[in-house]
Amino acid sequence: MKTILKTTLIAAAFFLMSCSKDDDNNTAITKGGNITYTVDGTTTKIENGILTAILDNGTTIGDIVNSDGKTRIGDGSAKLFTVGTPITGIAITIQINGLQWVRKASANTMTITFYDGTTVKGTFSGQVANNASGSYVYKNISGTFETNDITKM
C-alpha cells in the first residue's frame, strides 16, 4: 500500500512539474511578415520587421511599414478599410539602389485582401518618384504585403 501511495505521489509531482514547465516556457508566435514589390522588372522582398496598427475594432488600418521605416505603404494617417475594397490616394515609399523613392498620388492604391484579427495581407500599386537627377523620374510599382505584427488600438 505504501508503494502504491509513493508511486502515486511521485507521478503527481512529475505531472505538476511538467505542467509548470509548460506554463513557464510558452513559445511566442514569431512576429514578422514581408513586403514584396516589383519595379522595372526587378522584384524586392523585405522580410521580418513588418508591422501595422489596426484601430477602431478592426475597421481602420495604419501604415504597413518595415522596422527601419524605409519601406512604407501609407502616409502616416489611418485609413478606413473593408477587405477587398481598394484604398486610394496612399503614399508608397521604397528604396531602389540606396535612394528613396516616394509618391502620394490618387492613383496609388492599397487593398486589404485578408484580415482575421491576427494577420493582415494585401496588395498595392501605383507610382513612386525620385528627383536625385534634378528632375522627377517616375516608376510604376506593384506588390504585396503580409504581417502578423499588429498593434491593436
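Each reported figure results from applying straightforward, stated rules to the coordinates on display, with no laboratory input. Because the structure is predicted, anything quoted here is derived from the model rather than measured.
Looking at the P(r) of the range 70-153, how many percent of alpha-carbon pairs lie beyond 18 Å? The partial results should precede the final answer.
Values: 1518 of 3486 pairs.
Taking all Cα-Cα pairs of the range 70-153, the fraction more than 18 Å apart is 44 percent.
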Fully extended contour minus Cα-Cα distance, from D40 to N57, at 0.36 nm per residue: 2.3 nm
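Calculate, in nm to one decimal, what V83 and Q95 gain on full extension: separation in residues at 0.36 nm each, minus their alpha carbon distance. It would help to have the intermediate numbers written out before the result.
Numbers: separation 12, 0.36 × 12 = 4.32 nm, distance 2.77 nm.
Taking V83 through Q95 to full extension adds about 1.6 nm, to one decimal.
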